[in-house]
Structure formats: C-alpha cells, structure tokens
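Where a number appears in this text, it was derived from the coordinates with a stated rule and is not lab data. Model, not experiment: these values are computed from the prediction. Because the Cβ atoms are built from the backbone with ideal geometry, glycine has one as well, and the counts that use them run over all protein chains shown.
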Amino acid sequence: MSQTYTGSREETRIVHGIKSCHTTSMDLVPPIHMTSTFKFRDQAHGAGVFSGAEDGFLYTRISNPTVGQLQEKIALLEGTEDAIATSSGMSAIASVVMTLARPGDNIVACNALYGGTFALMHEHLAQFDINVRFISPADSNDAGNIVPLVDNKTRLLYIETPANPTLDVIDIGLWASIAANNNTIFAVDNTFASSYLQKPAALGADIVVHSATKYLGGHGDIIGGIIAASSEITTRIRESYFNHFGPAMSPFNAWLVLRGLKTLAIRMNRHSDTAMKVAMWLENHPKVSRVYYPGLVSHPNHLIAAKQMKDFSGIIAFELKGGMAAGKTVLDSVKLSTLAVSLGDCETLIQHPASMTHSTYSAEELKKAGIAEGLIRLSVGLEHPDDIIEDLDQAM
C-alpha cells in the first residue's frame, strides 16, 4: 500500500505525509523492519528483484520498507522526486560529492560550512585530485564573484544557508541560476532551516542535503543524513556510490526520524519564536558586541532570509565584548543550557565553534570564513524563553 496524502497545507503534510506499510494496512504507526535480508517467493522472483524487473526488497543496505517510507516523506516535504536516507549527514554529503566529481574536476563552495564538510572539501578531496574553489560568505551573494570560479570542469556548486556557524544567508535563487547557466548541479545544505522553513528545490536547487541528526530527528537520539533530488540524480548516486560504499541508514533510526518529523512544524515554530526573543535580548545586552541571527533587521542578509525562509529557525551566534576570555566564562557558567555540540534538540545547547565544531579550520581559514575566535553558537531549545535568557544573563 502506498498513498500520497493530498492535504494542501504544509503542517498537515508533515504529520501525515506518505501512508505506506509493507506488512498490513492497519498500523497507525508504521512498523520497524529490523531485518538484514528479505525472502523471495521463488528463484524467479529473486532474480526479478535483483534485476529491477520486479518491485521488492532484497537487502537493507540497498532498500528497506521503513527507510523507504522516510525517503518518500522527505521527498514530499522537500518537493523532489526522490530521496536517500544515509547513516549520517557527512555520509550524505560524501555520497553527493564522490558521485559527481572525478579526478581533475572542481567544486565551487562558500567556505562558511560545517567543520566536517570543510575538512572533506579542503583536505580529503585533494587526495582524489578534486579541487574545491572556496568563496567567502561576504562575496557569495554577488554573481560577479561566483561566475569567474565556474568553468567546464565544475561539477558542483555547494552552499549551506543559513551557514554554520556564522548564520550567513546565501541567495539560493542566485546560485541556482548560475548553476543552470553553466549546466552544473547545485546542492544546498538545508540543515539549519529544515524542510519546513526553507524549500531549496523550489528555488532551483538540484540537491538538498540534511543532517537528519538535527531538526528532522529533533530529539538528539539519532545520527542520520538525507539527500533529496530528482530520480535521475538519486539513481546515479545509488548506482555509482551508495549501494557499494554502504552508508545506509538503519531502519530503527529511520523510524525515529519519521517519529520526529510529525512534530517538525510545531518545533520549528517554537524554536524560531524563542530564538527571536533571545536574539533581541542579546542584541541589547551591554556585554554583547555582535549578534548573528537572520531574523534580526540588523543581519546583513535579513532581506534574503525573509525572501527564501518561512521563519528564521533556532540557531544564534554571538560575540562578547570581553572576547574569548568572556566567552569561556559564559560556556563554563551556564546552568540550564548544555555545553555540547550539535543542534536542533529539545534542549538548548551552547558551544564554541573555533575550538569545537570548526576546529578543522586554521586561524587564517576561520578569518576567511568570518568565524571570530570568540564566537559562541547557541542552539535554542524548547524551554521557556525567559529561562534561557535568565541563564545566559547569570552566566555573563
């Protein structure tokens, strides 16, 4: 059974999405298919499934009913033909990059990236003779700065928006038009915004990736990744990389993401509302020198964010006038907020990018990406905003 829910409103589609179950039609919550392999009716059926002549499941590394339901739902929410669920956000990104680029090719990317993504692109791809041409976030919303980096060997344009950890906002439509004009594939990391607050595919992106660990799961209890794209691109990724390197999501993690997705709209609305209140409080605090949050009118890319996002999500970055020393005091003094990396959890998390998530950057690379040494990143949780503010206030 497979049925697309036809509700016209996003919040309803998030809750219901795709109704599919491969054992019965009576389960309200789909079962978890925790099996490594699947039975065939007979030899002819097995041969047909392996050849693709018949529908069916053969091995969970390649396909699984629970994982398949998550993939269908993500494709629905992202507005793409298909999706692939992977074992982590980094495996999703690696699957895209290693499918599209070959020795001698290049990738153009904004250098405000998650530290693991930056390390992959800056260090590891060089081993395969794949060159990454980085552009700073300050130059990433001007076609005159981007177009000269693209040539006939460019296989991928890649951005995060909002970017990690600086909350730079990149114009998706601008990059999409450049990619289309140069017959190049364009990918957007949509982790910070989520499938609810931003639709890169509708703005022209060919591929949307997520760390499902974050807002899609929403509860800090899984590791997973998502690739959403056309069937042509996902087939290419599966056949040339995914099925052979094996970065498959486990059925249990897929089930947990499906569970988390049901509350995505409610959570993202709450994260966004609370983050705006905290960001406005921080902006007026005498010990804070700068706040980075796309919802603030003071954000240099606020108008772009307002154009391409439904709301501004739950991540804030800020700098203290006392610099790194003051930042360490805050990190060691919070009582409600948790000193931990990651984001998108129900709990408020606080961390220091330069020494933690972005420690893969050198001091010069941090500067080029606009990541200040004393920058603090706050993932606003679902607590009452006044409690979060009181905790930050006492810590400062």
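Students often forget the sequence filter, so: which aspartates and glutamates lie under 16 Å Cα-Cα from K310 once same-chain residues fewer than 8 apart are removed?
E10, E11, E78, D171, D273
Relative contact order, percent, of the stretch 264-395 when contacts are C-alpha pairs under 8 Å separated by at least 6 residues? Write out the running numbers ahead of the final one.
Details: 212 pairs, mean separation 37.5, N = 132.
Dividing the mean separation by the residue count of the stretch 264-395 yields 28 percent.
To the nearest 20 debye, what is the magnitude of the charge dipole of the stretch 264-395 about its Cα centre, counting +1 on the Cβ of each Lys and Arg and -1 on the Cβ of each Asp and Glu?
Using Cβ point charges on Lys, Arg, Asp and Glu, the stretch 264-395 gives about 420 debye.
Kindly state, to the nearest 0.05, the FRET efficiency for R41 paired with V15, given R0 = 51 Å and r defined as their beta-carbon distance.
It comes to 0.90.
Excluding same-chain pairs closer than 8 in sequence, count the lysine pairs in the stretch 9-261 whose Cα atoms lie under 29 Å apart.
9
Starting from the Cα of D387, step 7 Å along the direction of its Cβ; do the same at R290; then give the gap between the two resulting points in nm.
Using points 7 Å along Cα→Cβ, the separation is 3.3 nm.
Hey, could you grab the Kirkwood Rh for the chain? Inverse mean 1/r over distinct alpha carbon pairs, Å, one decimal.
It is 21.7 Å.
Tell me the angle of helix 89-100 to the major Cα principal axis of the chain, expressed in degrees between 0 and 90 and rounded to the nearest ten.
Rounded to the nearest ten degrees, it is 70.
Starting from 0.36 nm per residue, how many nanometres of slack lie between H244 and A363 once their C-alpha separation is accounted for?
Net length gain for the segment: 39.1 nm.
Taking K321 as the anchor, which lysines have their alpha carbon closer than 28 Å to its alpha carbon, excluding any fewer than eight residues away along the same chain?
K277, K287, K335, K367, K368
Is there a quick way to get the dipole size of the chain? I mean about its Cα centre, with the Cβ of Lys and Arg at +1 and of Asp and Glu at -1; what is the value in debye to the nearest 20? Mind showing how you got there, number by number?
On the way: 30 positive and 40 negative charges, 72 e Å.
Once rounded to the nearest 20, the dipole reads 340 debye.
Tell me the net charge near A254. Cut-off is 12 Å between Cβ atoms, A254 excluded, with +1 for each Lys or Arg and -1 for each Asp or Glu.
Every neighbour counted, the sum reads +1.
Using the alpha-carbon centroid of each, what span in Å lies between the stretch 327-396 and the stretch 249-306?
14 Å
Take every Cα-Cα distance within the stretch 193-249, group them into 10 Å bins from 0 onward, and report for each bin the whole-number percent of pairs it holds.
Pairs per bin, as whole percents: 21, 46, 31, 2.
What's the local net charge at T154, with K and R +1, D and E -1, over the other residues with C-beta under 10 Å away?
+1
Using every pair of alpha-carbon atoms in the stretch 247-334, split the distances into 10 Å bins beginning at 0 and state the percent of pairs per bin, rounded to integers.
15, 33, 26, 21, 4
Give the range of the longest stretch in the chain that excludes all trypsin sites (Lys or Arg not before Pro) found in loop regions by DSSP and having at most 11 other beta-carbon atoms within 10 Å.
Numbers: sites that count: R9, K39, R41, K335.
In the chain, the maximal stretch lacking such sites is 42-334.
Between P137, S8, I159, whose Cα lies farthest towards the positive end of the dipole of the chain when Lys and Arg beta carbons carry +1 and Asp and Glu beta carbons carry -1, centred on the Cα centre?
After comparing all options, I get S8.
When Lys and Arg each count +1 and Asp and Glu each count -1, what net charge do the other residues less than 13 Å away from I74, Cβ to Cβ, add up to?
Once all neighbours under 13 Å are counted, the net charge is -1.
Which of V108, V291, V147 moves the most in a Gaussian network model of the chain with Cα springs under 10 Å?
Looking only at V108, V291, V147, the largest GNM fluctuation is found for V147.
In whole Å, what are the Cα extents of the stretch 264-395 along the three principal axes, biggest one first?
Taking max minus min along each principal axis of the Cα atoms, the stretch 264-395 gives 37, 33, 28 Å.
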